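What follows is calculated from the coordinates using simple rules that are stated; it is not laboratory data. All of these numbers come straight from a predicted model, not from anything done at the bench. All Cβ positions, glycine included, derive from the backbone under ideal geometry; neighbour counts span all protein chains shown.
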Amino acid sequence: MYYISRIKDTVRIPPHRFEEPLEEVAIETMNEAYVGKIDKKLGLMVTVKSIDEIGVGKVIMGDGAAFHEVEFTALFFKPELHEIIEGEVIEIAEFGAFIRIGPMDGLVHVSQVTDDYINYDGKRGALLGKESKKTLDEGSKVRARIVALSLKGRSTKEIKIGLTMRQPGLGRFEWVEEEKRKKKK
């Protein structure tokens with residue numbers, strides 16, 4: 001889920017950038033400092049959208065830079081437990097499929113792909129249903145539910161998102177459409 005939050009902070013503007021528009025420099029500086037960082041309450045910062053208020057700069061002796069109190073609006077991505085997400089399969093492994101969901105990746109373990117027994121086809125890089133003949137390949141668009149979530153750490157590499165596609169209405173988009181057609185008949 002994406003959220004917009006308003007935050008108060010201090011931004012350091014280096015002396016060599018004093019000639020540039022203050023708001024643009026502040027946004028760029030904050031984006032460099034915070035984008036990609038994770039806050040347990042807010043989630044992953046995607047971007048600083050705008051500066052709402054910027055105070056008068058204060059120079060600290062020995063530094064030369066100006067420090068401004070700012071209030072800014074930022075966009076965050078925070079996955080929620082039991083949230084239904086849509087994403088794309090970016091990698092298939094013997095143990096499951098990695099799904100790109102916004103700026104993060106989640107894992108669907110082979111036991112959570114379908115109710116069918118799943119085989120891994122290493123040559124093709126796909127997961128294959130034994131009886132249903134359903135396939136999951138890189139590039140497949142899927143719908144899944146978040147069933148496990150750990151936002152520990154400070155980067156996306158340390159985040160763990162467990163997904164399932166074994167519930168009705170979930171799975172590869174083609175599977176979901178086929179399921180709908182069968183129900184209509």
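Results, tabulated for the structure shown:
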item: Relative packing of 75-81, 52-58, which averages over residues the other C-beta atoms within 10 Å, highest first; result: 75-81, 52-58
item: Rounded FRET efficiency, nearest 0.05, which uses the C-beta distance separating GLU19 from ILE90 and R0 of 45 Å; result: 0.55
item: Mean separation of Cα contacts under 8 Å, 6 or more apart, over the residue count of the chain: relative contact order %; result: 19 percent
item: Extension reserve of the ILE60-GLU178 stretch, reckoned as 0.36 nm per residue once the Cα distance is removed; result: 35.9 nm
item: Over segment 84-184, relative contact order from alpha-carbon pairs under 8 Å, at least 6 apart, %; result: 26 percent
item: GluC sites (Glu not before Pro) restricted to segment 91-147 and DSSP loop, no more than 16 other C-beta within 10 Å; result: GLU94, GLU131, GLU138
item: Label selected from (1) 46, 16, 13; (2) 30, 26, 13; (3) 23, 22, 15, the criterion being semi-axes √(5λ) of the Cα gyration tensor in Å as computed here; result: (1)
item: Tilt relative to the chain, helix 22-34 - C-alpha long axis, 0 to 90 degrees, to 10; result: 50 degrees
item: Cα-based helix-to-principal-axis angle, 173-184 vs the chain, degrees rounded to 10; result: 50 degrees
item: FRET efficiency, TYR117 to LYS152 (Cβ-Cβ, R0 30 Å, nearest 0.05); result: 0.35
item: Solvent-free Debye scattering, log10 I(q)/I(0), computed from the Cα coordinates of segment 84-184 at q = 0.11, 0.15, 0.24 Å⁻¹; result: -0.31, -0.56, -1.31
item: Cα-based shape type of segment 126-185, given that a ≥ b ≥ c are square roots of the gyration tensor eigenvalues and the cut on a/c is 1.5; result: prolate
item: More than 19 Å apart - percent of Cα-Cα pairs taken over segment 2-77; result: 34 percent
